[in-house]
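The values are calculated or read from the model by the stated rules, or taken from the named source; none is laboratory data. Keep in mind that this is a model prediction, so the values were computed, not measured. Don't worry about glycine lacking a Cβ; one is built from the backbone with ideal geometry, like all the others, and counts go over all protein chains shown. Areas reflect the complete protein model, heavy atoms only, side chains present, ligands, DNA and RNA absent. Shrake-Rupley method; radii C 1.70, N 1.55, O 1.52, S 1.80 Å.
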Amino acid sequence: MINNTTRQDAARYTPRRELWLLLTLAGIQFTHILDFMIMMPLGPQFTQLFNITGAQFGLLVSAYTLAAGASGLVASAYIDRFGRKRLLLVLYSLFAFATLACGLAPTYASLMVARIAAGIFGGVLSALSQTIVGDVIPFERRGRAMSVVMTSFSVASVLGVPAGLFLAANLGWHAPFYAIAALSAVLAAVAAFTMPALRGHLHASKQSSALQRITNVLADANHLKAFGFSALMMLAAFAVVPYLAINMQFGVGLKPEHIPYIYLCGGIGSLFGARGFGQLTDRWGKVPSFRMLALVLVPVMFLNTLLPFGTPLWAALVASTIFMVCGSGRMIPAMAIVTSAAKPELRGTFMSLNSAVQSAGMGVGAFVGGHLLSRDASGQLQNYWMAAVFGSAASLAGVWLAGHINLRNTSAPAGAGAQI
């Protein structure tokens, strides 16, 4: 039940202020996602620079996501104890410092430590952003709201990754991390002036202990189904995604200077598709939209992992673009499903635990994918298709599980209005 305070706060939350909130969250998500994404196209450089294997590079990717998962578990105990804005700014500032440390890292070991730190602070940002969307945006508009926030993935692909690779090519691999840290500092200052406090949930959080809220989340069967759904989504994607650039260079035979075009074309496609997928999610339904996109993703995964050596650049770009559009597109209805599965009064704790589950899924997916790959005597990548087998099985399981999740048609919890 929504109290009078919540109704009054919602009434003051005009469409224009709502849009500014979503754009601010999208900007924060952009830097967080770019910090993670920039590692993947730099994979060929890291494997040569530090003389590491594909599995070791996969561990570098997994360390970030597993640290984010552990951080999400810890955050579930405190996320509802602080105002959303205050917590977001503190974690975002620490994330910026950790990203700066990545750029300063001189060795594989020190880079690993810095990536773990970035994962610890950055991992909660996604959950916190999604929690704010769930608190403020009504159920019937949540698909479109998620599409605004999640365009950060597309913008990171269109602008962020190519710009980062340009900096890496001309100023060294350290430069992208310096740039992300600087941009994060600017966005933190903007958020400090533009974001509302969002303290309405604090009254409800004082009524129970952190352990009790975690217990209540885990005692709900619908929450557990949503967690399983999140894990399957991440397993499906991250068994394949982290090694796309490595495969395009060492498996398909593209030149290093062609790799940025993969992310540019994929990002442009995802950017133009995001709004349409958001509208489709709200009009056609969250579950049917997800199922369609997840099913299309299966053959597309096999297409990208089975491209033969010597494939023309244009064909590789078409295949990878379709893959990125479908992969990012399915996340819009998927996250609308997950956000709507939570009990409103437990949404902050639920989303923190969900972030931990997603990060663990990313880490496990990247770890499994890395161990399925191998290289022959000439250095050509082998067995990438096995990662698609694993990812497809996870995707199909997610299609089945999506229909068994109960979607709650609510937004802000009782006593948890978006106080602005």
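Taking the residues in segment 207-228 that are in a loop (DSSP other than H, G, I, E, B) and not small (Gly, Ala, Ser) as candidates, determine which candidate is modelled with the lowest pLDDT.
Keep residues of segment 207-228 that are in a loop (DSSP other than H, G, I, E, B), which gives 207-209, 220.
Filter once more, keeping what is not small (Gly, Ala, Ser): 207, 220.
On the way: 207: 54, 220: 92.
Result: 207.
Restricting to segment 328-373, and then to whatever is polar (S, T, N, Q) and in contact with a Leu (Cβ under 8 Å, 6 or more places away or on another chain), can you tell me which residue is nearest to residue 279 (Cα to Cα)? Before you say what the answer is, go through the steps one by one.
Quick first cut of segment 328-373, residues polar (S, T, N, Q) only: 328, 339-340, 349, 352, 354-355, 358-359.
From the residues that got through so far, the ones that are in contact with a Leu (Cβ under 8 Å, 6 or more places away or on another chain) too are 340, 352, 359.
Values: 340: 16, 352: 27, 359: 27 Å.
Checking each candidate, the answer is 340.
Condition (residue is at pLDDT below 85, surrounded by fewer than 20 Cβ atoms within 10 Å (Cβ to Cβ), basic (Lys, Arg) and at negative phi) applied to segment 285-294: is it met by at least one residue? Working first, answer last.
Filtering segment 285-294 for residues at pLDDT below 85 gives none.
Scanning segment 285-294, I find no residue that is at pLDDT below 85, surrounded by fewer than 20 Cβ atoms within 10 Å (Cβ to Cβ), basic (Lys, Arg) and at negative phi, so the answer is no.
Could you list all residues from segment 53-63 that are within 16 Å of the chain's Cα centre (by Cα) and either open to solvent by 10 Å² or more (accessible area, probe 1.4 Å) or small (Gly, Ala, Ser) (or both)? Steps first, answer last, please.
Taking segment 53-63 first, the residues within 16 Å of the chain's Cα centre (by Cα) are 61-63.
Once the filter is applied, which keeps residues that are within 16 Å of the chain's Cα centre (by Cα) and either open to solvent by 10 Å² or more (accessible area, probe 1.4 Å) or small (Gly, Ala, Ser) (or both), segment 53-63 yields 62, 63.
If you check residue 108 against the conditions, is it open to solvent by 10 Å² or more (accessible area, probe 1.4 Å) and at pLDDT 80 or above?
Working: open to solvent by 10 Å² or more (accessible area, probe 1.4 Å): yes; at pLDDT 80 or above: yes.
In short, yes.
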Notebook entry, point to check: Given the conditions (1) touching a His at 6+ places or on another chain (Cβ under 8 Å); (2) open to solvent by 10 Å² or more (accessible area, probe 1.4 Å), which single one is not true for residue 350?
Noted result: (2)
Next item on the list: Would you please list the contacts, defined by Cβ atoms under 8 Å and residues six or more apart or on different chains, that run from a residue in segment 28-47 that is open to solvent by 10 Å² or more (accessible area, probe 1.4 Å) to a residue that is outside any helix (DSSP H, G or I) and hydroxyl-bearing (Ser, Thr, Tyr)?
Entry: 47/53
Next item on the list: Considering only residues that are surrounded by fewer than 24 Cβ atoms within 10 Å (Cβ to Cβ) and part of a helix (DSSP H, G or I), look in segment 72-85 and name the one that is modelled with the lowest pLDDT.
Entry: 81
Item checked: Checklist (1) farther than 22 Å from residue 221 by Cβ; (2) assigned to a helix (DSSP H, G or I); (3) modelled with pLDDT of 90 or more applied to residue 311, failing item -> (2)
Next item on the list: Provide a single number: the residues in segment 124-166 that are open to solvent by 10 Å² or more (accessible area, probe 1.4 Å), modelled with pLDDT of 70 or more, touching a Leu at 6+ places or on another chain (Cβ under 7 Å) and under 19 Å from residue 276 (Cα atoms).
Entry: 3
Note to self: Given the criterion in a helix (DSSP H, G or I), farther than 15 Å from residue 254 by Cα and touching a helix residue (DSSP H, G or I) at 6+ places or on another chain (Cβ under 7 Å), identify the matching residue among 334, 316.
What the structure shows: 334
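Given the condition assigned to a helix (DSSP H, G or I), in contact with a Phe, Trp or Tyr (Cβ under 7 Å, 6 or more places away or on another chain), of a type in the set (Phe, Trp, Tyr) and at negative phi, answer yes or no: does some residue in segment 242-257 qualify? Break it down into steps so the answer makes sense when it comes.
At the first step, the residues of segment 242-257 found to be assigned to a helix (DSSP H, G or I) are 242-250, 256-257.
If we keep only those that are in contact with a Phe, Trp or Tyr (Cβ under 7 Å, 6 or more places away or on another chain) as well, we get 243, 247.
In the following step, the residues that additionally are of a type in the set (Phe, Trp, Tyr) were identified as 243.
Those left that are additionally at negative phi: 243.
Yes.
Has segment 320-328 got at least one residue that is assigned to a helix (DSSP H, G or I), open to solvent by 60 Å² or more (accessible area, probe 1.4 Å) and at pLDDT 90 or above? Let's see the steps before the verdict.
At the first step, the residues of segment 320-328 found to be assigned to a helix (DSSP H, G or I) are 320-328.
Filter again for open to solvent by 60 Å² or more (accessible area, probe 1.4 Å), leaving 322.
The next check asks that each one be at pLDDT 90 or above; those that pass are 322.
Yes, because at least one residue in segment 320-328 is assigned to a helix (DSSP H, G or I), open to solvent by 60 Å² or more (accessible area, probe 1.4 Å) and at pLDDT 90 or above.
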Margin query: For the condition farther than 24 Å from residue 266 by Cβ and more than 16 Å from the chain's Cα centre (by Cα), what is the one hit in 95, 50, 46?
Written below: 50
Next item on the list: Being of a type in the set (A, V, I, L, M) and either at positive phi or in contact with a Leu (Cβ under 9 Å, 6 or more places away or on another chain) (or both) is the filter here, so list the residues in segment 295-316 that pass it.
Entry: 295, 298, 313, 315, 316
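Quick check on this structure: which one of 253, 310, 228, 278 is touching a residue at least 40 places away in the same chain (Cβ under 8 Å) and open to solvent by less than 20 Å² (accessible area, probe 1.4 Å)?
Exactly one residue qualifies, and that residue is 278.
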Checklist line | Members of segment 363-420 that are under 20 Å from residue 309 (Cβ atoms), at pLDDT below 80 and either of a type in the set (S, T, N, Q) or surrounded by fewer than 18 Cβ atoms within 10 Å (Cβ to Cβ) (or both) | finding: 374, 375, 376, 377, 378, 379, 380
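Only one residue in 55, 11, 63 is at pLDDT 75 or above and not in a loop (DSSP other than H, G, I, E, B), so which one is that?
Numbers: 55 fails: at pLDDT 75 or above; 11 fails: at pLDDT 75 or above.
Of the residues listed, the single one that is at pLDDT 75 or above and not in a loop (DSSP other than H, G, I, E, B) is 63.
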